[in-house]
Every structure is written in structure tokens, then in C-alpha cells.
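What follows is a short report on a single structure.
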Amino acid sequence: MMKQNDQPLLRILCLHGSQQTKEIFRSRLGRLPRKLKTVAELVFVDGPVVLSLREGDDVATRSWWKYGDSNETESFEKSIQFLTQVWSQQGPFHGVLGFSMGGSMACAIAARKHLFQGLRFVIAAGATYKSFLFRSEDSTIDELHSLHIFGRADKLVPLKVSKLLAEKFNSSLTCFYEHEQGHCFPSRAESLEVVVNFIKQRRSSITELGTGHCAKQNNSKKPPLVAMCLNDEVAQEQADEIEAMESIYPDLKLLSAKRPEKQGDPCGHLLIPLKCDNGSANVKICIEIVFGESYPDVLPQIKLHHSLSTLQFPPGAQRRLLAAIKEEIKSLEGMPCAFSAVSAAETWLSDPENFLLSETEDTKEDVSEDEEVNDAQSQVVWADISEDEEKKMVENATEEACLEIARRKRQMNDRKRKCAYGVDAGQAATGKGVKKFIVGLVGKPSAGKSTFFNCITKLQVEAKVGAHPFTTIEPNLGNGWWASNDIDDMDESKTEFGRDGRGRRLLPLLIKDVAGLIPGAYKGHGKGNRFLNDLCDADILIHIVDCSGSSDKNGVKVTADDESASSAAEDIKWVREELHLWIFGNVSAKWDSVIRAAKASEKAAESRLFELFSGYKSSSSCVKAAAFRANVNVGMPHMWTRFDLHRVVAHFLSVRFPMCLALNKIDILIKSGQLEKIKVAQENALRLGYVSVPCSAATESNLLRLASQGKLEYEFGSSSFSAAGGSSRGKEENCEKMNPKGLGIKEIELASEMIRMFGSTGVLDAISTAVSLREPLLVYPVTGKSDGSGTLNRYFCLQCLPGTTVEHVYTSLRHRMNSDFRVEGDFIRAEVTSIVNFGPMKQCGKDMVLDANSCIVKILTNRKISWQSKPPN
């Protein structure tokens with residue numbers, strides 16, 4: 001018998017009530033569509049009768065006939081004709097679900113079953129009786145199952161009227177359900193359960209659904225990823241071997257779409273039935289051979305498939321068969337080996353002795369093998385090694401991860417740049433929708449993190465600053481700003497949060513300044529793990545690097561020529577090492593739980609692995625991306641070596657916490673004429689795959705403070721400044737006026753020289769570059785014309801995660817605290833267009849995923865009327 005989840009989906013046509021639309025009705029069904037996701041496909045249509053606009057509506061509502069009009073019957077007949085066209089073009093359907101007037105139409109369809117082929121059932125909620133729904137007063141509806149839903153408190157359609165309609169159906173095939181609510185489609189859990197169970201029963205009773213639309217399968221399970229041929233030579237070799245195997249084994253099934261022909265084609269994927277008459281039973285076993293992207297240079301994956309019981313084919317026997325196959329082909333790397341694999345399998349299966357191992361012995365073997373493997377792997381991960389050996393592993397794993405970052409950046413530069421979230425499956429931020437990004441500041445004490453924090457918050461939240469270690473104890477948290485690439489010369493000032501000194505739109509983020517790290521922080525040195533843990537909710541990290549070399553690793557001020565002075569390259573290395581060992585220490589401390597889970601199943605081991613990384617606000621796809629980059633099997637973490645775990649952690653750190661380097665204190669280097677240190681630091685960062693930005697937080701802080709006191713004309717992130725009143729910044733007499741600290745003309749000229757050389761102080765550029773590592777999709781909710789004429793006012797801007805849909809935007813605007821732009825009422829539809837190629841806006845529904853070509857969004861809604869209001873749960 002076919003399992004429920006393997007059965008084709010039912011298809012149900014959904015009809016809304018009067019003064020509604022298909023989108024309003026979809027939202028009125030509440031959780032029902034989600035509950036039916038694996039059971040039925042719901043198709044919504046708008047009624048053909050367009051009603052007049054009401055006050056507060058953006059879009060006209062619909063109906064199925066002109067209620068109370070002299071042409072009521074005529075409009076009804078036109079709706080029947082319309083629905084027959086829908087049935088023909090979008091159907092067939094197995095059932096119809098309708099509410100109110102839509103419920104009445106569902107019953108009318110049932111009465112004209114001959115026009116709607118394939119109809120098996122109807123569901124009518126709050127439906128009213130009308131004589132024209134039926135061809136004659138005494139007509140009845142046989143052979144169709146029906147569910148009729150009534151509201152005891154329904155004042156619009158009394159209970160007795162709805163029951164009059166239900167009496168037209170065969171009583172033996174009719175179900176009734178009464179709820180306590182009014183004129184609505186009931187949304188409470190117990191009511192939805194009634195509907196779901198009715199539909200599931202109808203699904204079970206339909207044994208043959210046919211083909212085409214009727215047999216749309218449940219595609220909730222995504223197909224596995226398929227390897228692609230590395231080059232044309234690999235494709236040709238695989239194609240030749242597949243052709244030879246097909247001639248030898250006529251029953252061979254090619255699971256890939258076709259033989260590969262060129263680079264980028266799917267690799268070979270074979271399923272071959274094995275000859276294995278062992279004398280007692282004709283055992284049916286298949287071998288699956290999966291070619292990799294560079295096969296035959298690397299060995300293929302081998303799997304077994306069978307439908308035998310564990311007594312017929314014990315697990316130990318299966319493992320021994322796989323071992324025999326792998327032993328046979330292990331020396332054939334670089335050569336075609338599919339035939340050898342099949343021959344080895346058939347030779348092993350031809351010996352009946354291989355199936356005669358007793359159940360007790362097999363179980364004993366299973367346990368001993370499992371324990372031997374698990375204990376060995378546990379010892380590998382937990383083995384005592386020296387600190388130097390550990391750090392060497394970290395260094396090698398980090399180098400691998402950094403080279404992978406650099407490789408991916410080069411690939412992105414070779415094509416149109418994509419958002420970092422889209423590079424692979426790793427998404428640090430769980431979920432989708434509108435988000436305010438969190439940026440964490442890391443670095444050693446006295447590197448200038450708190451000064452940098454003050455600048456980003458534009459001095460609205462001032463963190464304590466001092467020239468000594470651990471000035472920051474509790475993390476500083478504040479609203480900061482970053483500058484997007486949205487530059488509009490025609491509309492410079494008209495944005496919600498303004499623009500920077502170079503015309504770029506400023507957007508909010510949350511910035512977190514944690515205490516400085518010192519070597520050994522992962523062990524608890526300095527302020528220890530407590531402050532590392534403060535970084536868990538950050539989306540992006542900025543490492544504030546003291547590139548002046550004016551302090552040691554502990555943040556103690558020293559002279560640049562002091563032997564204990566720490567260079568930028570050294571700081572970059574050991575801070576990354578601290579973050580790595582922090583994660584590695586937390587995961588490895590509980591690694592025995594992965595080993596224990598592996599004894600239950602690979603799935604349990606995989607789930608436990610995800611749990612160990614979940615504390616860093618990461619999704620399972622983030623861990624999968626790290627494992628993919630490290631080329632280890634995420635489903636078998638208990639088989640990893642200690643170095644494998646280090647490699648996964650290194651890649652996880654790159655995927656989960658992308659990091660930008662802010663090369664701070666360049667003012668000191670400009671003053672001392674040591675500009676080569678900036679160049680060396682940038683080259684080292686580039687070699688390691690990091691993005692780096694030279695900056696001076698102290699200079700930016702001074703300029704902002706002077707501007708706030710009215711002694712300077714300066715905008716955050718600007719490429720110029722001047723004394724208040726237009727005085728030249730180079731005049732000695734204005735120096736005291738411009739600088740309340742009395743730093744003198746040299747400091748003012750230093751700031752001027754820095755901006756001349758680097759274009760700005762670099763602070764805003766650093767935070768903006770960091771956000772670009774996980775750049776959000778900018779969505780602009782608008783009002784105005786939809787035909788492309790005129791300019792849509794992009795005053796508001798939402799920062800969204802990749803995969804954000806129109807519904808996410810609608811939900812965000814409904815609950816937006818700023819009442820200047822808040823959406824109210826029921827969603828009807830949206831209209832979208834591109835910010836680049838602005839043109840007429842295109843209509844779309846809630847489920848549309850937004851991208852750069854649909855980032856200007858206009859939401860159209862209708863006000864609710866009393867009987868349509870969603871009932872309380």
C-alpha cells in the first residue's frame with residue numbers, strides 16, 4: 001500500500017466570499033494551507049464580478065454574482081462559465097473549498113458535476129442558499145462527499161439557511177461541523193483539524209489520481225546535490241565507461257539525466273542489479289556507483305540497495321561486502337573501476353558462506369566494530385597534544401580557510417558580485433525577512449575599539465576610552481550607521497536616516513563593543529570566555545587592529561621599536577586564533593556526545609553536531625557549508641580526526657563570522673612618516689583573504705565632536721571639513737576655535753592630510769565594508785504611480801535577508817513602530833520594479849522572493865469590514 005507521504009497531492013480550488021479577493025481569503029484560512037502542505041495543493045482565484053471601491057481600499061474587491069441586483073442570475077451564470085474555463089486551464093481539481101458566497105458557488109459546481117470532470121468532494125463554510133444555484137428545486141447531489149461548516153453565532157447567514165443548502169447533498173456522504181464563531185472560516189485548532197482530517201480521508205479514498213495535473217507529487221524533499229564534471233576530459237572518460245557498462249549490464253539504470261558530454265555536465269550515476277544466487281534464495285541487491293567531479297582520478301562512492309530483512313542480509317554482512325568492494329578498487333585510483341566494483345560484489349555474493357554468519361556473531365561483530373571505530377575516533381579528538389601542536393593545527397586550518405575565502409572572492413570578482421549569503425548554503429542569520437544587523441568589534445585592549453564605537457554611534461552613545469587595558473568591561477551596545485551604495489544626486493536629503501558627507505544613504509545597525517582580547521582569552525586569561533560569548537549574536541565582526549605598533553599583545557603602551565611591540569600581522573593572527581580556539585574548545589569539550597550519538601545512527605550524530613554549533617546563532621546549513629569547504633562528511637562526524645574538526649571550525653568561523661580588518665591609528669603612522677606599515681598590513685590582509693580598511697577613529701571622533709560644538713563644518717564620513725563660518729582650516733588664528741583641546745595646527749593639518757591621502761578618516765568606510773561582506777537586500781516600500789511615469793519616492797528603506805518575500809515586507813510594515821509608513825488592512829497584492837531599470841511595476845503575490853530586480857515594492861491593501869475580521873483564538 002502506498003504510504004501517505006508518497007501519495008500525490010490533491011488539488012483543491014478555493015473560492016472566496018463576497019467583498020473579498022483570493023489574497024484576503026488565503027489569509028483568512030490562517031494555518032490551514034500550512035497544515036495541508038503535504039496533503040493538498042490549494043489554488044485560489046478571484047471572482048469575475050468586480051465591486052466598487054470602498055473608502056480605505058487600494059484595490060477593488062470581488063464577488064461571484066451581483067448580490068441584490070436584478071441581474072443576479074445572469075452574473076451567476078457568467079461566473080459558472082468563468083469557473084469552467086479555470087477548471088480547463090488550471091485543473092482538473094479533486095475538490096472545491098468555498099466560504100460564504102464562495103461556498104455557495106462550490107455547491108453550484110457540485111450540482112453541475114458534468115461540467116467539472118474529476119470533482120470528488122466540496123467543502124462549504126457559511127454558505128447561503130439560493131434557488132438559482134441548482135437546476136431545479138428538487139434536484140439533489142449524489143456521489144460526492146461534502147463537508148458543511150456552520151457558525152452558531154453567524155448573523156449574516158443563519159444556521160437554518162446553511163443547513164437548507166446542505167440538505168441538497170446525499171446524507172450518507174455528507175459531514176456537518178458546527179463551531180461557536182460567527183460568519184468566518186473557523187481558525188481554531190480543533191476546527192482546522194476537522195477540515196484537515198476530512199481532506200486526508202478523501203485523499204486516502206482516491207486510489208488512482210491519473211497523470212498530469214492530478215498527479216503532482218510532493219516535492220518537499222529536495223533532490224540531492226549532483227557533482228559536475230571538472231573538465232571535458234573527465235566528462236569523456238566517464239561517458240566512455242558508462243557506454244561500456246551499459247553494453248555489459250543490460251539492466252543498468254543511469255540515474256543521471258544522460259551521459260556527460262562536457263565540463264559542467266552531471267557526473268555519472270549508475271544503479272546496477274547484482275547476480276547473487278546463493279543457492280537458497282535469489283537475493284535482489286543493487287549496487288549504486290556515484291562518480292565524482294574528477295573521477296576516475298578519485299575513487300567513486302559505492303552504496304548498496306536491497307529490500308531484505310536483517311536476517312537475510314545482516315548489517316555486518318553488508319559492511320563486509322562494501323569492504324570487499326573498496327578493497328578491490330582501492331588500487332585502481334586513476335583508472336575506470338566500475339566493472340571491477342560490480343565483479344567484486346558478485347564474487348562475494350556468490351559464496352553462501354558469507355551469509356551464514358550467525359545473528360549472535362554478527363551482532364557481536366557489529367558492536368565490536370562500532371566500539372572500536374568510535375573509541376578510536378574519540379581518542380583521536382581527545383588525545384593529549386602539546387599546545388604548540390594544537391596551534392600548528394589551528395594555523396594550518398586557518399590558512400586553508402583563508403585561501404578558500406580568497407578563492408571565492410576572486411570568483412565573485414570574475415562575475416557580477418553576489419551577496420555573501422548566496423555564496424553557499426551557510427547562512428549565519430537564521431530565518432528570512434527584515435533585519436537590523438549586529439556588528440561586533442573585536443581586538444586587543446587599547447586598539448581603539450571604544451573610540452571606533454563612539455564614532456559609529458555619532459557620539460550618541462559614548463563608551464569609556466582610556467590608554468590602558470580593559471577600559472571596557474561590560475559590552476557597549478548602541479545604534480550605529482553604515483553607508484550603502486544607494487547614491488541619488490537628485491534626492492540627497494530625502495531619506496529616513498539621511499546621507500553621509502558623500503551622498504550615500506545611511507542605514508541603521510546595532511554595534512557591540514566587547515572587552516579587549518589578550519592571548520589565552522579562550523582559556524580564561526584576561527576577561528576570558530565571558531567576552532567571547534558576547535559575540536555570539538553578531539552577524540559580522542570588525543577586528544580593530546592597532547597598525548601603529550604602539551602597544552604589545554596585552555594592549556600595554558610601548559614604543560614602536562620595543563621588542564614587545566606587536567605588529568598588525570601578529571595581531572591579526574593571534575586574535576583569529578583566539579576566536580578559533582574558543583569555538584573549538586566549546587565543541588571538543590562535548591565531542592563524546594557526538595560519538596555516543598553515532599552509536600544510534602548517522603542522523604543522530606549529524607543532529608548532535610548541529611546542536612554543538614547552534615550556540616553561535618547558526619543554522620545547520622552554516623555547519624554544512626563549513627563541512628563542505630573542509631571536504632568532510634557532515635553525516636559522519638564521529639569519523640573525523642582532530643585536524644578535521646579544526647578545519648571545520650576554521651571554515652565555520654569564516655562562514656558564520658565574516659571579518660573586516662579596520663587598520664586603526666593611521667594618524668600615528670602619517671605623523672611619523674611610516675606609511676609603509678599601512679601598505680604591509682594591507683598586503684598581509686589581502687594574502688589571507690581579508691578585506692581591510694585603513695582608518696583613524698581618534699581623528700573621526702575629534703572631527704565629530706568639533707562639529708557637534710559648532711566649531712567645525714563636518715558631516716560623518718565626509719571627505720572634507722572646514723572651520724565654522726567658512727574660515728580656511730589652514731589658518732593659525734582659527735586653530736584654537738576649531739579645536740577645543742588646543743591640539744594645535746599640526747593636528748588639524750594631520751586630519752587634512754589623512755583625508756587627502758585616503759579620502760576620509762576611514763571609519764564609516766570600515767563599517768560599511770564590513771556590512772558588505774553579508775550585504776543585505778535593500779527593499780524600498782513606496783506609494784505612487786505604477787506605470788513607470790514619474791519618480792517613486794524612496795524615502796524609506798528596509799534591510800532584508802536573502803530569501804525575503806513580499807509577505808515578510810508586508811508583515812514588517814504592519815508592525816512598524818514608525819507610523820510615517822505603516823501598512824494597515826488586508827494584503828491584496830504587491831507591485832514591484834527594479835531600482836536600476838525602472839519601469840512599469842509588475843504585479844505579484846505574497847510568496848514572491850525579492851531580489852535586485854524587484855526591490856521597489858508597493859503593497860496594496862483593503863480595509864477590513866466587521867464580519868471579515870479574524871476571530872480571536
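The values are calculated or read from the model by the stated rules, or taken from the named source; none is laboratory data. Since the structure is predicted, the reported quantities are computational estimates derived from the model, not experimental observations. Cβ atoms come from the backbone with ideal geometry, glycine included; neighbour counts cover every protein chain shown. Ligands, DNA and RNA are excluded from the accessible area calculation, which covers all protein heavy atoms including side chains. Shrake-Rupley method; radii C 1.70, N 1.55, O 1.52, S 1.80 Å.
Just a few scattered comments:
- Of the residues making up region 163-185, those that are open to solvent by less than 40 Å² (accessible area, probe 1.4 Å) and assigned to a strand (DSSP E or B) are 169, 174, 179.
- Any hit, region 197-205, residues being of a type outside the set (A, V, I, L, M, F, W, C) and modelled with pLDDT under 85: yes
- Within region 104-162, tally of residues that are among the small types (Gly, Ala, Ser) and either part of a loop (DSSP other than H, G, I, E, B) or under 41 Å from the mean Cα position of the chain (by Cα) (or both): 11
- When 203, 188, 112 are screened for being open to solvent by less than 10 Å² (accessible area, probe 1.4 Å) and of a type in the set (Lys, Arg), only 203 passes.
- Among residues of region 577-607, those that are among the charged types (D, E, K, R) and either touching a Gly at 6+ places or on another chain (Cβ under 7 Å) or within 21 Å of residue 537 (Cα to Cα) (or both), counted: 4
Per-residue answers, yes or no, for (1) in contact with a helix residue (DSSP H, G or I) (Cβ under 9 Å, 6 or more places away or on another chain); (2) within 30 Å of residue 694 (Cα to Cα); (3) modelled with pLDDT of 85 or more; (4) among the hydrophobic types (A, V, I, L, M, F, W, C):
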residue: 628; (1), (2), (3), (4): yes, no, yes, yes
residue: 637; (1), (2), (3), (4): yes, no, no, no
residue: 654; (1), (2), (3), (4): yes, yes, yes, no
residue: 657; (1), (2), (3), (4): yes, yes, yes, yes
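- Extreme residue, modelled with the lowest pLDDT, among residues of region 219-278 that are assigned to a strand (DSSP E or B) and open to solvent by 50 Å² or more (accessible area, probe 1.4 Å): 277
- Residues of region 5-43 classified as part of a strand (DSSP E or B) and in contact with a Gly (Cβ under 9 Å, 6 or more places away or on another chain), total: 9
- Taken over region 594-618, the residue count meeting the criterion of being open to solvent by 20 Å² or more (accessible area, probe 1.4 Å) and not in a helix (DSSP H, G or I) is 3.
- Taking region 752-777 as the range and being in contact with a Ser or Thr (Cβ under 7 Å, 6 or more places away or on another chain) and open to solvent by 10 Å² or more (accessible area, probe 1.4 Å) as the test, the residues that pass are 755, 759, 777.
- Put simply, of 652, 584, 610 the only residue that is of a type in the set (A, V, I, L, M, F, W, C) and within 20 Å of residue 385 (Cβ to Cβ) is 584.
- Filter result for residue 358 (at pLDDT 80 or above and more than 40 Å from the chain's Cα centre (by Cα)): no
Table: residues versus (1) in a loop (DSSP other than H, G, I, E, B); (2) over 27 Å from residue 715 (Cα atoms); (3) at pLDDT 90 or above; (4) open to solvent by 40 Å² or more (accessible area, probe 1.4 Å).
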{"site": "452", "(1), (2), (3), (4)": "no, no, yes, no"}
{"site": "483", "(1), (2), (3), (4)": "no, no, yes, no"}
{"site": "493", "(1), (2), (3), (4)": "yes, no, no, yes"}
{"site": "525", "(1), (2), (3), (4)": "yes, yes, no, yes"}
{"site": "538", "(1), (2), (3), (4)": "yes, yes, no, no"}
{"site": "542", "(1), (2), (3), (4)": "no, no, yes, no"}
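- Per-region count, region 851-862, residues open to solvent by 60 Å² or more (accessible area, probe 1.4 Å) and either closer than 21 Å to residue 811 by Cβ or in contact with an Asp or Glu (Cβ under 8 Å, 6 or more places away or on another chain) (or both): 1
- Residue tally, condition in a loop (DSSP other than H, G, I, E, B), open to solvent by less than 20 Å² (accessible area, probe 1.4 Å) and at pLDDT 75 or above, over region 544-568: 3
- Matching residues in region 834-850 - criterion: being acidic (Asp, Glu) and buried (at least 17 other Cβ atoms within 10 Å of the Cβ): none
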